[in-house]
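Peer 1: Below: one structure in structure tokens.
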Amino acid sequence: MAEDTSFTTQLTRHEEICEGTMAFHFAKPAGFEYRAGQSIDLTLLEPPETDAEGNTRAYTLASAPFDDDLMIATRMRDTAFKRVLRKAKPGMKVKMDGPFGSLTLHKNSAKPAVLVAGGIGITPFLSIVRQAEHDKAPHPIYLFYSNRRPEDTAFLEMLLGSVERNPNFHLIATMTGMEKSLREWKGELGLISGELLAKYLPSLQGPIYYLAGPPAMVAAMRQMLVKAGADEDDIRTEEFAGY
């Protein structure tokens, strides 16, 4: 698979997937191949407006390699890049470079995969979970997923569907701001902690850990895992800053 390859593609559709978060779907260019968990650089071509942050952003592909299209998902901030995306009509052309990154499912299925996501850090893991289900991968997969409220939780229904279909996949979603929610929630509450991991994992030593989310959360999770006895070589991370 060639790295650093450029493709031109076009937007096919977009939709709001939860409060403040949108998904954007693009046609998959001929010859573009990627592994679940990898990312691309997306560049707007001749956008109607631009700002100091520029016309290129890195996005993990939230779609899975078996999907017919490519999907990214992002929290919608008020930047020129995101205003252009929000208003874009199907057919808008974009440049795509990649794929990049190594936050991909490990080969040894005897070792569980423990995925720890905060907010929009879910995107690489949605790809990994759906591809594992599609491939009938034997890996035990545990996804710990922290959000403020169910209203803010991207792809929750899709992940719950995977739980039903893949007996090796375990979803532990937790909410940190239920006092501001209008929905019922019967799952876990509070931040992801060593205690929460220990409640669901057979052992904290042994799994390969994947961390994705805001830099402060990723740093705190890494520190907590090492303190709990996880091997630092078994921790893989991706930071989602400024989204």
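Peer 1: Taking only Cα atoms of segment 97-151, what ratio of Rg to Rh do you get with Rh as the Kirkwood inverse-distance radius?
Peer 2: That ratio is 1.00, to two decimals.
Peer 1: Counting each DSSP H run of 4 or more residues in the chain as -39500 (n - 2.57), what helix-only mean residue ellipticity at 222 nm follows after dividing by all residues, to the nearest 500 deg cm²/dmol?
Peer 2: Only helices count here, giving -6000 deg cm²/dmol.
Peer 1: Can you compute log10 of I(q)/I(0) for segment 66-160 with the Debye formula, treating each Cα as one identical point scatterer, at q = 0.17 Å⁻¹?
Peer 2: Listed by q, the Debye log ratios stand at -0.95.
Peer 1: So for the chain, Kirkwood radius off the Cα pairs, Stokes-Einstein at 25 °C and 0.890 mPa s: how many µm² s⁻¹?
Peer 2: After rounding, the answer is 132 µm²/s.
Peer 1: For the chain, what is the relative contact order in percent, using Cα pairs closer than 8 Å and at least 6 residues apart in sequence? Show your work: numbers first, answer last.
Peer 2: Values: 503 pairs, mean separation 46.1, N = 243.
Rounded, it is 19 percent for the chain.
Peer 1: For segment 35-111, what class follows from the C-alpha gyration tensor (a ≥ b ≥ c being the square roots of its eigenvalues): rounded when a/c is under 1.5, otherwise prolate if a/b is larger than b/c, else oblate?
Peer 2: prolate
Peer 1: What distance in nm separates the simple spin-label points at LYS111 and GLU49, each placed 7 Å from Cα in the Cβ direction?
Peer 2: Going from the LYS111 label point to the GLU49 one covers 4.7 nm.
Peer 1: Place a +1 charge on the Cβ of each Lys and Arg in the chain and a -1 charge on the Cβ of each Asp and Glu, then give the dipole magnitude about the Cα centre in debye, rounded to the nearest 20.
Peer 2: For the chain, the charge dipole is close to 300 debye.
Peer 1: Give the shape of segment 1-63 as rounded, prolate or oblate, defined through the alpha-carbon gyration tensor: a ≥ b ≥ c are the square roots of its eigenvalues, a/c under 1.5 means rounded, and otherwise the shape is prolate if a/b is larger than b/c and oblate if not.
Peer 2: oblate
Peer 1: With label points built 7 Å along Cα→Cβ from the Cα atoms of LYS186 and LYS87, find their separation and express it in nm.
Peer 2: So the two model labels end up 4.5 nm from each other.
Peer 1: Next up: Is the C-alpha gyration tensor of segment 113-239 telling us rounded, prolate or oblate? Criteria: a/c under 1.5 is rounded; beyond that, a/b larger than b/c is prolate, otherwise oblate.
Peer 2: oblate
Peer 1: Further question on the same structure: Within a 10 angstrom radius of the beta carbon, how do GLU133, GLU53 rank from fewest other beta carbons to most?
Peer 2: GLU53, GLU133
Peer 1: Find, to one decimal place in angstroms, the Kirkwood hydrodynamic radius of segment 139-213, where the mean of 1/r is taken over every pair of different Cα atoms and then inverted.
Peer 2: Answer for segment 139-213: a Kirkwood hydrodynamic radius of 13.4 Å.
Peer 1: While we're on this one: Could the peptides 229-235, 35-41 be put in order, highest first, of the mean number of other beta-carbon atoms found within 10 Å of their residues?
Peer 2: Working: 229-235: 13.9, 35-41: 21.7.
Sorting 229-235, 35-41 by mean packing, highest first, produces 35-41, 229-235.
All of the numbers you see were taken from the coordinates with simple rules; none came from a lab. These numbers come from a predicted model, not from an experiment. Every residue, glycine among them, receives a Cβ derived from its backbone with ideal geometry; neighbour counts consider all protein chains shown.
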